[in-house]
Amino acid sequence: MKIILGITGGVAAYKAADLARLLVNQGHRVRCILTGAGARFITPLTLSSLTGEPCYGANPDQGEWRANPSIEHIELARWADLVAVVPATANILGKAANGLASDLLSTVLLATRAPVLWAPAMNTGMWEHPAVQANLTRLRSFGHAVVEPGEGILACGEEGSGKLAEVAAIAEAIQVHGTPKLPGLSGRRVLITAGPTREDLDPVRTLTNRSSGTMGIELARAFRDAGAKVRLVLGGDGPAPWGVETTRVRSAQEMLEACLARWADSDGLVAAAAVADQRPEAVSPEKVKKGDGPETLVLVRTPDILAQLSAARRPDQWVLGFAAESENHLNHALAKLKKKGLDAVLVNDIQGGRGFGAQANTLTPLTAQGPHPPLGPLAKDQLAQAVVQWWAQRLEARPD
Ligand SMILES: Cc1cc2nc3c(=O)[nH]c(=O)nc-3n(C[C@H](O)[C@H](O)[C@H](O)COP(=O)(O)O)c2cc1C
């Protein structure tokens, strides 16, 4: 994405340098525009060094009044796929809400047709002032996104709301707001399971598997970015993605209960969790002592979450499953598709340790019509986007 990062005159301006670096590392192109007050807090040299792009602003050598036949504010407004203002002062919010264009950043904000995102930061009194809140309401009515500030101790020494949101959360919000929404998924409620489950043996020991949950978490992000309202039921310790309603669970039984509670008002299910097939027959309340000689652990089957949800589905609901197979993978996956009544299975060939935690991965979509061209090898975030695009196209082609 080509991102214009507007930086205005608040103490949190130094955090914009971290954000610029993070966005560049994520593969975006970033051009910064500093306001005159912003340039009192952070230098153009820092920003252009981090982004590898020119930094624009009020200084004569930064473009605002440079003799340039391309007319810089229009060129920048057209160049951007998204304009983010981080941190946003009360002043810039007021100007943009009222259509004022008194410097390069406010003029670009008025001229651009790209999505706009605000991350305000200011003293609590300023933040709570009805004028600032009214300006934000107006900006939201233009379709702009606002990443609300958090609470904490502010630079002015006061404690309260107005602290710039976390840089990582702002980067996620930029990803969400800047990604085109996909018809077929936009506004739809998608239930996603991810991560390993843990079946306890006693207070210290547990049976689990090598799933990191990364693929399911990236799928949650990709469905969210495509416009879906995502509910994630997450086993393991993976991070809950921003903007996704996440419920943490431990065992297969807990995962089943969390999914059943959300299934009736979901449009689709993506079952990416690596659910334990077995659990210990008995859970000991005390740590099991070691005995003499051979010891036997009796296992019983856990509930089949995918089969139960698929059996309870309405005709308008869709179900995507995953199959991690180490041999004869397409045949095993086809059997799973038929047995559990799925719309598609994404087949992960895990031979030789592939798929689990590994960075790059390949998934082969399989439907009742047979296998489709493989997606990948790609890093898991890009692979998740490829899965979402593949599935959105099929949903669009589906008769209502
Ligand atoms: C030390 C200092 C810190 C400031 N911090 C903030 C702030 O966090 N948020 C804010 O809205 N204004 C803050 N201001 C006030 C703005 O800098 C001032 O309103 C300025 O006109 C904003 O211009 P700009 O929006 O064009 O960058 C601060 C001013 C100073 C001197």
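Arg113 satisfies every condition listed in (1) in contact with a helix residue (DSSP H, G or I) (Cβ under 8 Å, 6 or more places away or on another chain); (2) in a loop (DSSP other than H, G, I, E, B); (3) near the ligand (Cβ under 10 Å from one of its atoms) except (3). Return a yes/no flag: does the range 59-76 have any residue that is at pLDDT 95 or above and within 16 Å of the ligand (Cβ to nearest atom). No, every residue in the range 59-76 fails to be at pLDDT 95 or above and within 16 Å of the ligand (Cβ to nearest atom).
Scanning the range 69-117 for residues that are hydroxyl-bearing (Ser, Thr, Tyr) and buried (at least 19 other Cβ atoms within 10 Å of the Cβ) gives Thr89, Ser106, Thr107, Thr112.
Only one entry in Leu109, Leu100, Leu104 is closer than 21 Å to Ala17 by Cα and either basic (Lys, Arg) or more than 30 Å from the chain's Cα centre (by Cα) (or both), namely Leu104. Restricting the range 134-176 to residues that are charged (D, E, K, R) and part of a helix (DSSP H, G or I) leaves a set whose member that is nearest to Ala240 (Cα to Cα) is Glu172. Scanning the range 120-133 for residues that are of a type in the set (Asp, Glu) and part of a strand (DSSP E or B) turns up nothing.
For the range 320-336: of the residues being farther than 17 Å from Thr193 by Cβ and in contact with a strand residue (DSSP E or B) (Cβ under 7 Å, 6 or more places away or on another chain), which is surrounded by the most Cβ atoms within 10 Å (Cβ to Cβ)? Checked the range 320-336; the qualifying residue surrounded by the most Cβ atoms within 10 Å (Cβ to Cβ) is Ala333.
Out of curiosity, is Gly6 surrounded by fewer than 24 Cβ atoms within 10 Å (Cβ to Cβ) and assigned by TED's automatic domain parsing to the domain that holds Ile74? Break it down stepwise before answering.
Numbers: surrounded by fewer than 24 Cβ atoms within 10 Å (Cβ to Cβ): no; assigned by TED's automatic domain parsing to the domain that holds Ile74: yes.
No; evaluated as a whole, the condition is false for this residue.
The set of residues in the range 286-308 being modelled with pLDDT of 90 or more and either over 45 Å from the mean Cα position of the chain (by Cα) or among the acidic types (Asp, Glu) (or both) consists of Glu286, Asp304.
Applying the selection to the range 341-400, what residues are at pLDDT below 90, under 25 Å from Ala307 (Cα atoms) and of a type in the set (A, V, I, L, M, F, W, C)? Listed by number, the residues that qualify are Ile350, Phe356. Any residue at all in the range 257-275 that is outside any strand (DSSP E or B), modelled with pLDDT under 95 and touching a Leu at 6+ places or on another chain (Cβ under 7 Å)? Within the range 257-275, none of the residues are outside any strand (DSSP E or B), modelled with pLDDT under 95 and touching a Leu at 6+ places or on another chain (Cβ under 7 Å).
Condition test on Val176, is it away from the ligand (no atom under 16 Å from the Cβ), within 28 Å of Leu23 (Cβ to Cβ) and among the hydrophobic types (A, V, I, L, M, F, W, C)? For Val176, the condition - away from the ligand (no atom under 16 Å from the Cβ), within 28 Å of Leu23 (Cβ to Cβ) and among the hydrophobic types (A, V, I, L, M, F, W, C) - is met.
Determine, yes or no, whether Leu105 is within 11 Å of the ligand (Cβ to nearest atom) and assigned to a helix (DSSP H, G or I).
Numbers: within 11 Å of the ligand (Cβ to nearest atom): yes; assigned to a helix (DSSP H, G or I): yes.
Taking the combined requirement at face value, the residue satisfies it.
When the range 239-270 is filtered for residues that are among the charged types (D, E, K, R) and touching a strand residue (DSSP E or B) at 6+ places or on another chain (Cβ under 6 Å), the ones remaining, listed by number, are Glu245, Arg248, Arg262, Asp267.
Considering each residue of the range 125-144 in turn, none proves to be under 18 Å from Val176 (Cα atoms) and within 12 Å of the ligand (Cβ to nearest atom).
Of the strands (runs of 3 or more DSSP E) entirely within the range 1-94, those holding at least 3 residues that are under 21 Å from the mean Cα position of the chain (by Cα) and β-branched (Val, Ile, Thr) occupy 82-88.
The sole residue among Thr302, Thr296 that is loosely packed, with under 11 Cβ neighbours inside 10 Å, assigned by TED's automatic domain parsing to the domain that holds Pro374 and not acidic (Asp, Glu) is Thr296.
Which of the helices (runs of 4 or more DSSP H) found entirely inside the range 292-397 contain at least 3 residues meeting this: more than 28 Å from Thr208 (Cβ to Cβ)? Before the answer, list the steps.
Numbers: elements: 305-311, 329-340, 380-397.
Hits in the range 292-397: 380-397.
As a summary of the residue check, Val249 satisfies the conditions (1) surrounded by 21 or more Cβ atoms within 10 Å (Cβ to Cβ); (2) touching a helix residue (DSSP H, G or I) at 6+ places or on another chain (Cβ under 8 Å); (3) within 19 Å of Leu320 (Cα to Cα) except for the one numbered (3).
The values are calculated or read from the model by the stated rules, or taken from the named source; none is laboratory data. All of these numbers come straight from a predicted model, not from anything done at the bench. Quick reminder, even Gly has a Cβ in these numbers, built from the backbone with ideal geometry, and neighbours come from all protein chains shown.
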